[in-house]
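The structure under discussion appears below in the form of structure tokens.
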Amino acid sequence: NIILADEINRAPPKTQSALLEAMQENKVTTGGKTYSIEEPFFVLATQNPIEQEGTYPLPEAQLDRFMFNVLINYPSFEEEQDVVKSNTTSSDYSLEKIITKENLVDYQKLVINVPVSDNIIDYAVNFVHKTRPDNNCPEITKKYIEWGAGPRASSFLILAAKAKAILSGKATPDIDDVKNVIKSVLRHRIIMNFNAEAEGIKVDDLLEDLIKE
């Protein structure tokens, strides 16, 4: 039910395509036979942001299938202490089941059924539109963005805001819930232009400016 594609940009395009087809279609084909993938189905992938030699960057259309792009920085001092202790001593670990797949599917349905007011949807859709360079976009979008986020981003913003609201004990999401997930949902869906690269403008900085605006 869970796949971790470690350093996915080191896989050749044909392998990437097969994996991401499964994400989109919830089925996989091999030897001319198609198999349905049982729910829940969850894909995680990692990329090394430093070393790019010998890699195959994912096309934008494939990146768009991932709901989130989460940046993982260095661990804190205390976290690194725990890592060192676990890596340099022998320990016996036992896994305990804390949820069934049926429960997880029920929770996913719960998120889908969370009500959202029209003004929250308007905010999410409007924000995504502000990332697209056209006559009605903000000046910073015109100056720094080559290609903005597509319609899938608007849907993922609302779904993520719903989940955030539930985890915070709220019955329905508000605009702060949408703002909280904007960077994770949008940072891999925006293509910066030459001006941004030349001036050292990062996508997260630009999204922060759009949030303030």
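The values are calculated or read from the model by the stated rules, or taken from the named source; none is laboratory data. Small disclaimer: the values here were computed from a predicted structure and weren't measured. Reconstructed Cβ throughout: ideal geometry from the backbone, glycine too, with neighbour counts over all protein chains shown. Note: accessible area is taken over every heavy atom of the protein model, side chains too, but ligands, DNA and RNA are not part of it. Shrake-Rupley method; radii C 1.70, N 1.55, O 1.52, S 1.80 Å.
The table below lists the values:
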{"read-out": "Candidates Ala196, Ala171 - the one that is open to solvent by 60 Å² or more (accessible area, probe 1.4 Å), farther than 14 Å from Asn69 by Cβ, aliphatic (A, V, I, L, M) and in contact (Cβ under 8 Å) with a residue 40 or more places away in the chain", "value": "Ala171"}
{"read-out": "Hits in the range 150-162 - residues which are open to solvent by less than 60 Å² (accessible area, probe 1.4 Å) and at pLDDT 95 or above", "value": "Ala153, Ser154, Phe156, Leu157, Ile158, Leu159, Ala160, Ala161, Lys162"}
{"read-out": "Count - residues of the range 3-40 that are β-branched (Val, Ile, Thr) and more than 16 Å from Arg65 (Cβ to Cβ)", "value": "3"}
{"read-out": "Cβ pairs under 7 Å, 6+ apart, first in the range 84-101 and under 19 Å from Pro40 (Cα atoms), second polar (S, T, N, Q)", "value": "Lys101/Asn1"}
{"read-out": "Of residues in the range 111-140 being assigned to a helix (DSSP H, G or I) and more than 23 Å from Asp177 (Cβ to Cβ), the one most open to solvent (accessible area, probe 1.4 Å)", "value": "Glu139"}
{"read-out": "Tabulated pairs, the range 130-144, first in contact (Cβ under 8 Å) with a residue 12 or more places away in the chain, second aliphatic (A, V, I, L, M) and not in a helix (DSSP H, G or I), C-beta under 8 angstrom, 6+ apart or interchain", "value": "Thr131/Ile145; Thr131/Ala149; Thr131/Ile190; Arg132/Ile145; Arg132/Ala149; Pro133/Ile145; Tyr144/Met192; Tyr144/Ile201"}
{"read-out": "Selected residue (only one of Pro59, Pro151 is free of Cβ contacts under 8 Å to residues at least 60 places away in the same chain and out of contact with any helix residue (DSSP H, G or I) (no Cβ under 8 Å at 6 or more places or on another chain))", "value": "Pro59"}
